[in-house]
1. Calculate the FRET efficiency for residue 54 and residue 141 from the Cβ-Cβ distance with a Förster distance of 45 Å, rounded to the nearest 0.05.
2. With r as the distance between the Cβ atoms of residue 264 and residue 165 and R0 = 30 Å, compute the FRET efficiency 1/(1 + (r/R0)^6) and round to 0.05.
3. For n ≥ 4 DSSP H runs only, could you compute -39500 (n - 2.57) per run for the chain, divide by its residues and tell me the 222 nm figure to the nearest 500?
4. Quick check on the chain: of the DSSP beta bridges with both residues there, what percent are antiparallel, nearest 5%?
5. With an 8 Å cut-off on Cα pairs and a minimum separation of 6 or more residues, tell me the relative contact order of the stretch 106-182 in percent.
6. Once you place label points 7 Å from the Cα toward the Cβ at residue 152 and residue 208, how far apart are they in nm?
7. Over the stretch 103-240, what is the relative contact order in whole percent, taking alpha-carbon pairs under 8 Å and six or more residues apart?
8. Please report 185, 168, 143, 242 as a ranked list, fewest other C-beta atoms within 10 angstrom at the top and most at the bottom.
Ligand code: ATR
């Protein structure tokens, strides 16, 4: 029986076990997928379980996507470029860290036929998932990426990291929290919205209609950020598809085949 886990802190909210279990059962694979709440000083020992074969793969969520890196043997290009790991596996006795959030976001945006190319994008937040969003937007040829974060220094660090990267053009700038510049797509990558009554203290009123509001949050399915945007006539999308596609990419790495993604999977999110 192969064993997989998602690790993070907190971890209760994660739907990764449900989605992987669904595909494991559907494809009659002998495997189990659980969730584990860890602290920083548990990471090293937990990773050793991959090397000795006790565990066959891991997903990594907040706040360990970067913290896990020192304990791995090798990073794939996507993990290296973003310094962010959400999927771990053993290959030729090496513990590999990979990033499927980039592909997940890209696949989600493409599946709804939104064209990022040439667009001005505003990202709210500078936490763990933002490097992956930035890199995916760059791959999809966004014209500019503006970062705004309550703690401005964290956005500045991200800007410097990517604007100095040989893999990216210098398309990132940082503005003060509270400023809303003209843009085409606004992405909420803060944790504000995870609780039903959470509301961002930002004023989007001056944005003309037909913008695209995207929330990384998938649970709840409609944050106040998306609700208000919809009321104001904007296009909206939550993080559900990104979550499904990042999971499918991890599943393919571990089990060797692409799962079919259909509407049945939505039941997992309706609980
Ligand atoms: P981490 O910051 O540990 O990586 P995260 O969940 O990935 O955790 O990121 C949380 C994001 O939500 C951060 O950008 C955070 O802003 P700070 O860097 O200023 O902490 C943002 N955030 C959380 N609560 C917020 C609030 N009440 N208002 C605005 N931004 C908030």
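The numbers here are math on the coordinates, done by the rules we state, and not lab data. These numbers come from a predicted model, not from an experiment. Don't worry about glycine lacking a Cβ; one is built from the backbone with ideal geometry, like all the others, and counts go over all protein chains shown.
1. Given R0 = 45 Å and the Cβ-Cβ separation, E is 0.60.
2. FRET efficiency, residue 165 to residue 264: 0.15.
3. Per the formula, -9000 deg cm²/dmol.
4. The antiparallel fraction comes to roughly 20 percent.
5. With pairs under 8 Å counted, the relative contact order is 30 percent.
6. 2.9
7. Over the stretch 103-240, the number comes to 21 percent.
8. 143, 168, 185, 242
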